[in-house]
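Have a look at the structure below, then the notes.
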Amino acid sequence: MKQMSVRAVIMLVITSVFVAGLCILCMFYVTDGDDWALYPANTHIFNEGHVSKAGSITDRNGVVLSHSVDGVRKYNDDLLIRKSTLHAVGDLDGFISTGLHTSYLPQLVGFDSINGVYQFSGTGNNIKTTLDSSVCQVALEALGNRAGTVGVYNYKTGEIICMVSTPTYDINSQSDSKKAKDGEYKGVYINRFLSATYTPGSTFKIITAAAGIDTFEDIYDRVYTCKGGVEIDGEWISCMGNHGKTDIKEAVAYSCNAYFSQLAVDIGKDKMMEYAEKAGFNQEFYMDGIKAETSYFNVENTRNIDLAWAGMGQYTNMMNPLQYLTAVGAIANGGVPKKPYMVKSITAQNGLPLRQSIGQNGSRMISKDTADKVAELMSGAVQLSYGSWNFKGLDVCAKSGTAEVGEDKTPHAEFVGFVRNEELPLAFVVVVENGGTGRTVAGGVASKVLAAAKKSLVGE
Ligand SMILES: [Zn+2]
């Protein structure tokens with residue numbers, strides 16, 4: 001009897017250990033199953049460590065950006081399309097971590113936790129993006145050999161039409177790929193639209209303007225004097241012009257530093273923090289589940305001089321292009337941002353739809369009334385300063401920025417804004433690193449990209 005109970009105990013222990021082991025295995029299968037199946041040694045999907053058998057990635061018009069042919073991954077034949085969509089599509093080694101080849105690998109190869117990577121066709125799922133490769137191509141040409149980024153999205157639906165990051169390289173060229181690997185193209189694997197932050201410079205004045213409109217009932221009658229600059233806390237902030245008595249309309253149009261530094265001080269720290277955070281600064285941003293770099297704004301415990309610089313987009317301000325595009329889109333969309341996305345649909349090889357994206361609203365940034373007023377100020381800037389002839393046939397609202405990035409360095413040229421035409425509801429952000437003057441350099445890029453978008457989306 002005693003012997004029996006000892007055996008029973010041993011059996012019980014062994015069974016318990018077995019059951020516990022099974023539970024742990026199941027747990028790891030659920031949490032890490034995709035990592036096992038998607039390990040580069042899995043020859044079912046990978047060839048010499050590279051993605052080989054996977055579904056296609058296309059643009060919004062069905063142009064194939066990347067697909068598998070006989071177990072080999074191929075990119076578009078056109079050099080400019082390949083280079084301009086590389087950061088969206090991704091490389092085959094996973095160096096571009098935010099590219100679809102990496103971030104959507106399970107979906108591309110058709111992995112799920114029930115069937116693993118087994119599919120009847122064995123070729124994964126197809127991803128259709130919202131990108132327009134013809135617009136991306138023009139954006140790349142417009143950026144030329146300068147580092148920077150161009151983002152364009154539909155502020156009513158959230159669809160990303162253009163997302164280009166430079167420097168980029170030709171993935172089909174072995175020597176170009178080697179240069180990228182050897183670090184000859186600095187930061188080439190970074191998608192600047194998602195993973196970079198920039199000093200917003202004067203483009204931030206639209207956020208300060210929104211805070212000013214909501215803080216002062218008499219905002220349009222409020223006048224600050226510009227003497228080619230202004231003194232705050234005993235320090236001189238210089239202006240690009242000598243604007244004299246300036247109201248908010250002139251201040252936005254001519255980007256008066258004296259006006260905005262005094263306005264920011266009068267608005268105060270708390271309200272400036274509130275409006276920056278409503279616009280997405282210090283908040284986490286995602287696109288298709290991919291986390292963007294977080295924008296930064298902090299004027300707590302600062303002196304007036306720092307608050308003044310912050311109100312003009314300098315001081316410690318940093319904006320991420322995806323976040324800032326969303327904020328600008330919110331102004332265009334009556335104060336409510338549409339969340340940007342690039343993955344339009346995922347479809348199995350047999351045509352079965354697995355995912356269809358729809359535009360989602362973010363939380364309200366500003367009231368409709370304030371948004372419309374800021375839009376009007378930005379429209380004034382185009383008419384009085386940037387030149388509406390640069391945006392033929394389009395009602396463009398914009399703000400330029402020439403962001404100081406340190407002494408002896410050419411500033412970043414920036415241009416943000418949107419189109420108010422019903423048939424082309426696009427918002428845009430352009431950054432040309434060390435490009436010089438925002439309105440001419442980045443504005444010039446925006447002009448070309450919007451003309452291409454109009455041609456492709458409206459057909460004229
Ligand atoms: Zn001024």
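The values are calculated or read from the model by the stated rules, or taken from the named source; none is laboratory data. Note that the coordinates shown come from a computational prediction; the quantities given were computed from them, not determined experimentally. Backbone-built Cβ (ideal geometry, glycine too); neighbour counts: all protein chains shown. All accessible areas refer to the heavy atoms of the entire protein, side chains included, with ligands and DNA or RNA removed. Shrake-Rupley method; radii C 1.70, N 1.55, O 1.52, S 1.80 Å.
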Residue (of Y185, G110, S52) at the positive-pole extreme of segment 52-187, dipole from beta-carbon charges: Y185
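Using a 1.4 angstrom probe with every protein chain in place, what is the largest-first accessible-area order of V265, V6, V69?
V6, V69, V265
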Given charges at beta-carbon only (K, R positive; D, E negative), |dipole| of the chain in Debye: 920 debye
Coil-residue trypsin sites (Lys or Arg not before Pro) of segment 376-460, DSSP, other Cβ within 10 Å capped at 12: K392, K409
Area of D369 that stays accessible when all protein chains are in place (1.4 Å probe, Å², to 10): 90 Å²
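Please list I96, I190 from largest to smallest accessible area, probe radius 1.4 Å, with all protein chains kept in place.
So the residues, ranked largest to smallest area, are I190, I96.
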Net charge, N304 excluded, C-beta distance under 15 Å - Lys, Arg +1, Asp, Glu -1: -4
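Sort T225, T440 by accessible area with a 1.4 Å probe, largest first.
T440, T225
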Sequence-separation-based contact order of segment 373-444, relative, with Cα cut under 8 Å and 6+ spacing, percent: 28 percent
Rounded accessible area of M273 (nearest 10 Å², 1.4 Å probe): 20 Å²
Total formal charge among the other residues, if their Cβ is under 14 angstrom from that of E422, Lys/Arg +1 and Asp/Glu -1: +1
Using alpha-carbon coordinates, inclination of helix 2-37 to the longest axis of the chain, degrees: 40 degrees
Principal-axis tilt of helix 133-143 within the chain, Cα atoms, nearest 10 degrees: 50 degrees
Set of aspartates and glutamates near K278 by C-alpha distance (under 15 Å), chain-local residues within fewer than 8 positions excluded: D214, D270
Solvent accessible area, Å² - Y286, 1.4 Å probe, full protein context: 110 Å²
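Kindly provide the helix-only [θ] at 222 nm of the chain, computed as the sum of -39,500 (n - 2.57) over DSSP H runs of four or more divided by all residues, to the nearest 500 deg cm²/dmol?
-10500 deg cm²/dmol
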Whichever aspartates and glutamates have a C-alpha closer than 18 Å to that of K409, once near sequence neighbours (fewer than 8 apart) are set aside: E433
Alpha-carbon radius of gyration plus Dmax, which is the widest Cα pair, for the chain in Å: 25.9, 105
Environment charge of K455, counting only residues whose C-beta is closer than 13 Å and scoring Lys/Arg +1, Asp/Glu -1: 0
The chain - accessible surface per residue (Å², probe 1.4 Å): 45 Å²
Segments 197-207, 228-238 sorted - mean Cβ within 10 Å per residue, highest first: 197-207, 228-238
